[in-house]
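**Student:** I'd like to ask some things about the structure below.
Since every read-out is calculated from the coordinates, none of them should be taken as a lab result. For clarity, every value in this text was computed on a predicted model and none was experimentally measured. Neighbour counts run over all protein chains shown; Cβ positions are idealised from the backbone, glycine included.
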Amino acid sequence: MIGRLNHLAIAVSDIAKASKVYRDTLGAEVSAKVAQPDHGVSTVFISLPNTKIELLEPLGVDSPIAKFLERNPDGGIHHVCYEVPDIRIARDKLKALGARVLGDGEPKIGAHGRPVLFLHPKDFCGTLVELEQA
Ligand code: CO
């Protein structure tokens, strides 16, 4: 069912510093920072030949990544994003198999303008999984 790895997301407390590490130390192509107020984060995308890295920085008072950064003050891998051809078909199939979809279960528009959903880490090997409609 799942297709390509769309991106791997890393939560950080200082996205400018993290961008500098990826641009200047690792020599990657790094986008500008974009605020995503609907998701409570700011994002930067790093383009790699075979996938992307999404840097996430908290935005606003109750950012969904605030607790994660309390536990991981140096930052850390936050989620993986897999592409699916149809997000509602994927959701319904996963729910029928007992997987928990976070939030109200309805896809939201993600950082790339495409519908996304998040799946409970306890159902997926301890990893928060984002699905994005390809
Ligand atoms: Co993501």
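**Student:** Residues that are hydrophobic (A, V, I, L, M, F, W, C), in contact with an Asp or Glu (Cβ under 6 Å, 6 or more places away or on another chain) and within 13 Å of the ligand (Cβ to nearest atom): does segment 110-120 have at least one?
**Tutor:** yes
**Student:** Ok, one more. Give the residues of segment 52-61 that are in contact with a helix residue (DSSP H, G or I) (Cβ under 7 Å, 6 or more places away or on another chain) and more than 14 Å from the ligand (Cβ to nearest atom), sorted by residue number.
**Tutor:** Residue satisfying the conditions is 58 alone.
**Student:** So, in segment 55-79, how many residues would count as being over 14 Å from the mean Cα position of the chain (by Cα) and aromatic (Phe, Trp, Tyr)?
**Tutor:** The number of residues fulfilling the criteria is 0.
**Student:** Can you confirm whether segment 88-97 contains a residue that is farther than 17 Å from residue 121 by Cα and not in a helix (DSSP H, G or I)?
**Tutor:** The answer is no, given that none of the residues of segment 88-97 is farther than 17 Å from residue 121 by Cα and not in a helix (DSSP H, G or I).
**Student:** Can you pull out the residues in segment 1-51 that are in a loop (DSSP other than H, G, I, E, B) and within 12 Å of the ligand (Cβ to nearest atom)?
**Tutor:** 39, 51, listed by residue number.
**Student:** Among the residues of segment 1-45 satisfying the criterion of being among the acidic types (Asp, Glu) and touching a residue at least 24 places away in the same chain (Cβ under 8 Å), which is farthest from residue 71 (Cα to Cα)?
**Tutor:** Step one: list which residues in segment 1-45 are among the acidic types (Asp, Glu), which gives 14, 24, 29, 38.
Of the ones still in play, those that are also touching a residue at least 24 places away in the same chain (Cβ under 8 Å) are 14, 38.
Working: 14: 15, 38: 23 Å.
Per the criteria, the residue is 38.
**Student:** Condition check: aliphatic (A, V, I, L, M), surrounded by 13 or more Cβ atoms within 10 Å (Cβ to Cβ) and either free of Cβ contacts under 8 Å to residues at least 40 places away in the same chain or within 14 Å of the ligand (Cβ to nearest atom) (or both). Does residue 101 satisfy that?
**Tutor:** Spelling it out, residue 101 is indeed aliphatic (A, V, I, L, M), surrounded by 13 or more Cβ atoms within 10 Å (Cβ to Cβ) and either free of Cβ contacts under 8 Å to residues at least 40 places away in the same chain or within 14 Å of the ligand (Cβ to nearest atom) (or both).
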